[in-house]
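Asks: Below are the structure tokens for one structure; questions will follow.
Each value in this text was obtained by applying a stated rule to the coordinates, not by laboratory testing. None of the values given here were measured: they were computed from a predicted structure. A quick note on method: Cβ atoms are made from the backbone with ideal geometry, for glycine too, and the neighbour counts reach across all protein chains shown.
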Amino acid sequence: MAKTFGEDERGILAYFRSGTSFIYRNKRYIVEESGKPTCSRGEPKTDIYILASADNRTDEFKISFKKENADFLENKTNADRAEQLLGNNWLYIIREATSQIGQNFLERKLIYKSSFRRTEAGAITLGWKFELLNVPSGDLSGDMHLSHAQIIDVYAGTNLTADKRDASVNGKTIVKSGVANYILFEDNPINSAQNAIDSMMTIDEYVRQHPHVYFACKALNYRTFRKKYDGNRPLAVYVNWYVNNEKLAYDICFNTPLQQGGDYAYARLSQALQQLGVQTTDELNISNVENPGIIYG
């Protein structure tokens, strides 16, 4: 059975017990302390914290650990997390990112009378969630156009809240222990402390080699046959459903990313469907949908 992410992480940490030696940049280090940084809620960016000494000095190796197939940098992104990752200008950054592919949203089907790929029959789109990735993903994806410093902030966690930034390691708070300065991708199994050190690189080096962060927007749908949707997820772009001239109409809204969630979008849709006396997509057609081009099936 394949190891889980947590097991791999703990396995690497176990190689760095106090007294373990390793060589980094031609210096022999001795581990003084190691542990997993934790905080009261959520997680810091550092997964493995190592304090080691060499030549009468100590250095912190604060490692962000990624599996080889870890495309996601952040999913389930909300406004607070976006601010921590992107800084005070986060709303403008996300709005600009989604607007650059605005036509792709406008051309989407929004009502699915039949199933399509992973979208089940009976779905009506409420909006789109926001994710950050290493690679583009689908036609609702694009480059965030971040600066080198901003991308470092994303990987390192520079803008994290205080409890994530100054995380707890082995029961004590260590200033900036949650802000990573190294990144480790497990392209091959790690089998020693030295192997881990040889496989990691500084976040600055990694960002110079990978100078782009991408976003992807994934649909949040109301499933009319089941009468459910996947919760109050924050939406980068949402569909404002309403009734116009006794027909179901909509606007696609880009201006308030992550300010409205699934509950808000569903309430608008539910009110419109009630006005029309409609319960499922079976009852939606050219006679009661203002733009029938959004209907699939």
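Asks: If you split all Cα-Cα distances of the chain into 10 Å bins from zero, what percentages do you get per bin, shortest first?
Replies: 6, 24, 26, 19, 14, 8, 3, 1
Asks: State, as an integer percentage, the relative contact order of the stretch 226-297 based on alpha-carbon contacts under 8 Å between residues 6 or more apart.
Replies: Across the stretch 226-297, relative contact order equals 33 percent.
Asks: Just to verify a number: FRET efficiency for Ser53 and Ala162, C-beta to C-beta distance, R0 = 22 Å, to 0.05?
Replies: So, using R0 = 22 Å, E works out to roughly 0.20.
Asks: Given an 8 Å cut-off on Cα distances and at least 6 residues of separation, report the relative contact order of the stretch 31-180 as a percent.
Replies: In percent, rounded to a whole number, it is 33.
Asks: Bin width 5 Å, alpha-carbon pairs only: give the P(r) of the stretch 18-96 as whole percents, running from 0 to the bin holding the largest distance.
Replies: 3, 12, 17, 16, 14, 13, 11, 8, 5, 2
Asks: Could you pull the Rg and Dmax for the stretch 216-269, using just the Cα atoms, both in Å?
Replies: According to the Cα coordinates of the stretch 216-269, Rg and Dmax are 11.4, 34 Å.
Asks: On full extension of the chain, what length is gained from Gln103 through Asn88, given 0.36 nm per residue of separation minus the C-alpha to C-alpha distance?
Replies: 2.7 nm
Asks: Suppose each label sits 7 Å from its Cα in the direction of the beta carbon; what would the Lys27-Ala79 distance come out to in nanometres?
Replies: Placing both labels 7 Å along Cα→Cβ, they lie 4.4 nm apart.
Asks: List the pair-distance distribution P(r) of the stretch 235-297, using every Cα-Cα distance, as the percent of pairs falling in each 10 Å bin from 0 up to the bin containing the longest distance, rounded to whole percents.
Replies: Once binned at 10 Å, the Cα pair distances of the stretch 235-297 give 22, 51, 25, 2.
Asks: From Cα coordinates alone, what are the radius of gyration and Dmax values for the stretch 115-252 in angstrom?
Replies: When restricted to the Cα atoms of the stretch 115-252, Rg and Dmax are 21.0, 70 Å.
Asks: Report Rg(Cα)/(2.2 N^0.38 Å) for the stretch 175-264, keeping two decimals.
Replies: Dividing the Cα radius of gyration by 2.2 N^0.38 Å gives 1.81.
Asks: Given just the C-alpha atoms of the stretch 143-221, how large is their convex hull per residue in cubic angstrom?
Replies: It comes to 171 Å³ per residue, whole-number rounded.
Asks: Given an 8 Å cut-off on Cα distances and at least 6 residues of separation, report the relative contact order of the chain as a percent.
Replies: Once normalised by length, the contact order is 22 percent.
Asks: Sticking with this structure for a sec: How far is it, in nm, from the label point at Val175 to the one at Gln271 when both lie 7 Å from their Cα along the line to the Cβ?
Replies: If labels sit at Val175 and Gln271, their model points lie 5.1 nm apart.
Asks: With no solvent and one point per C-alpha, what does the Debye sum give as log10 I(q)/I(0) for the stretch 43-172 at q = 0.09, 0.12 Å⁻¹?
Replies: -0.39, -0.63
Asks: Say R0 is 30 Å: what FRET efficiency, to the nearest 0.05, do Glu120 and Phe72 get from their beta-carbon distance?
Replies: E(calc), rounded to 0.05, equals 0.80.
Asks: Of the listed peptides 225-233, 192-200, what is their order by residue-averaged count of other C-beta atoms within 10 Å, with the highest listed first?
Replies: Final packing ranking: 192-200, 225-233.
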